[in-house]
Amino acid sequence: MEHATLRGDRLFYAAPALACAALLGFGYYLQYLRGLDPCPLCYVQRGFFYLVLGTCLVAAIHNPRRGGALGYGLLAALFASGGAAAASRQVWLQHLPADKVPQCGPDLFFMMKNFPLGETLMKLVEGTGECAKVDWTFLGLSIAGWSLICFVALAIYALWLGIRQMRSASAAAAAASL
């Protein structure tokens, strides 16, 4: 029974890692096969998807118990929250009136080559006018809107994973003491 539980827990951690990999794959499909160039905030969101993916992949390999599960869950939720913040910023920019949209700036590679790192990172987080552009929608939501939904779902799932393991460990301890 313990072996089945170990394998099952690993799958709980692998699922969000696979979801992030699929989302990143779709982003690369849109970029390289459909010709949609990512904006600075898109790159930030990709980075957070990679961080959630990496956290969940390491957790799947490690298969933590109790405090470790809570730690991985909190870390993945933190990264997903960062991604949700970036996606929220982009959704906000996309809904600004045209006269309030910030000016477009240079692309990321130009900024990395010519600007100090601090200024480049600030521009990434703030977003530019190109972040307000909506090139693709599905069911009325932009890519940023779907990313926001996915990040929120990942954060909730990651917190559930951490709390779930703590609760099952507490329940097992209570049952053993009877």
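Need the full-extension length gain, residue 98 to residue 160, defined as separation in residues times 0.36 nm minus the C-alpha distance. One decimal, nm. Before the final figure, lay out each step's value.
Numbers: separation 62, 0.36 × 62 = 22.32 nm, distance 4.00 nm.
Going from the current span to full extension adds 18.3 nm.
Which FRET efficiency value, to the nearest 0.05, is calculated for residue 115 and residue 153 with the Förster distance at 35 angstrom and r the Cβ-Cβ distance? Please list the in-between numbers first.
Working: r = 34 Å, r/R0 = 0.98.
It comes to 0.55.
Please list, in order along the range 62-76, the HN-Hα scalar couplings obtained from phi with the Karplus expression 6.51 cos²θ - 1.76 cosθ + 1.60 (θ = phi - 60°), rounded to whole Hz, x for Gly and Pro.
6, 6, x, 10, 6, x, x, 5, 5, x, 5, x, 5, 5, 5
Each value in this text was obtained by applying a stated rule to the coordinates, not by laboratory testing. These figures come from a predicted structure and were not determined experimentally. Every residue, glycine as well, gets a Cβ built from its backbone with ideal geometry; the counts of neighbours run over all protein chains shown.
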